[in-house]
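Have a look at the structure below, then the notes.
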Amino acid sequence: MNVIETYITKFKSMNLNTKPFKFGIALSGGGARGIVHIGVLEALHKHGIRPEIISGASAGALVGVFYAAGMEPLRILELVKSNKMVKMFKWQMPSNGLIDIGKIASLLEQNIESDDFSTLQKPFYCSVVNLNSGKSEIKHEGKLFQWVIASASIPIIFEPQLIDGNSYVDGGLLNNLPVDCIRDQCQILIGVHVNYNGQEDQISGLKAVAERTLRLAMGQNVKESLAKCDFVIDPPETRKFNTFDFNKADEIFQIGFDETEKRIIEMRRSIDLIQLAQGKKNRTIKNI
């Protein structure tokens, strides 16, 4: 059986009619590296692909919620590049050892119409970690802003978010690429991972060690999720940037855009195969 026949067999076995959305996208955490997501979305838009359902962790949740609210990718990039956003995430340790992530609340309030998942233009899911139970949770209904902020609250650096008596932190800690929550709702799932964990020849300095350690730890919880995606975008160039490189937004954006451009032919070929498989399936049903 050749590659094309394998794809057709795979997609014929899927009941695509039960999946309400054609394209879904899952966005990983990664601090400033999450700007890659914006480049990916812009490239997808260029080729007429607009994900209809979104999930995200940490930085992926921030990009994802703005996108789900109807914001165009380039507008999200403008927001990230604003002085206010860059200063908000500048690498510094105040006297209490924590950066006040609460400032993100005002950013959400100013750019999203209502503090409720149901008012978003597209379905959106974000992962958070409940420190009290020690478990990962997925949030997709009710109040919106508190969960997005919790999803982006990197432990130690940012203060945990106290919600309903429990402390919540960065969803990427245990589920850095939340795909299970949307896998069965979309025909084609694109996973974007921005924490490439290839060989590193030189690691020196406290910040570099901390970055590498965090990426390696989170990398272990995405392997299964990556395998469930139809397409994975995981640019090696992301390893050149750290969590707080928001002042390099244009460079990071371009990495996501260029990587998606490289993969778009492969993506379109498989989309055609899915449509072919579905067409054959429908014809078979009609002939019964």
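The values are calculated or read from the model by the stated rules, or taken from the named source; none is laboratory data. What you are looking at is a predicted structure, and each value in this text was computed from that prediction instead of being measured. Positions of Cβ are backbone-derived with ideal geometry, glycine not excepted, and every protein chain shown enters the neighbour counts. With ligands, DNA and RNA removed, areas are computed over all heavy atoms of the protein, side chains included. Shrake-Rupley method; radii C 1.70, N 1.55, O 1.52, S 1.80 Å.
Within region 47-79, which residues are under 16 Å from Phe257 (Cα atoms), open to solvent by 10 Å² or more (accessible area, probe 1.4 Å) and touching a residue at least 60 places away in the same chain (Cβ under 8 Å)? Scanning region 47-79 gives His47, Leu77. Within region 191-199, not a single residue is crowded, with 17+ Cβ neighbours inside 10 Å, at pLDDT 95 or above and part of a helix (DSSP H, G or I).
Scanning region 225-252 for residues that are part of a helix (DSSP H, G or I) and in contact with a strand residue (DSSP E or B) (Cβ under 6 Å, 6 or more places away or on another chain) turns up just one, Leu226. Looking at Ser106, Ser153, Ser114, Ser167, just one residue is assigned to a strand (DSSP E or B) and polar (S, T, N, Q), and that residue is Ser167. Restricting attention to region 143-165, which residues are modelled with pLDDT of 90 or more and at positive phi? Selection gives Asp164, Gly165. Starting from residues that are touching a Phe, Trp or Tyr at 6+ places or on another chain (Cβ under 6 Å) and of a type in the set (Phe, Trp, Tyr), keep the ones in region 220-268 and report whichever is modelled with the lowest pLDDT. The extreme case among them is Phe244.
Could you please find all residues in region 117-131 being assigned to a strand (DSSP E or B) and either over 14 Å from Ala61 (Cβ atoms) or out of contact with any His (no Cβ under 9 Å at 6 or more places or on another chain) (or both)? Result: Ser127, Val128, Val129, Asn130. Suppose we filter Gly70, Gly48 for residues that are assigned to a loop (DSSP other than H, G, I, E, B) and at pLDDT below 95; which single one remains? Step by step, each of Gly70, Gly48 is checked, and only Gly48 is assigned to a loop (DSSP other than H, G, I, E, B) and at pLDDT below 95.
In region 134-164, the residue that is nearest to Asn242 (Cα to Cα) out of those that are more than 20 Å from the chain's Cα centre (by Cα) and open to solvent by less than 60 Å² (accessible area, probe 1.4 Å) is Ile157.
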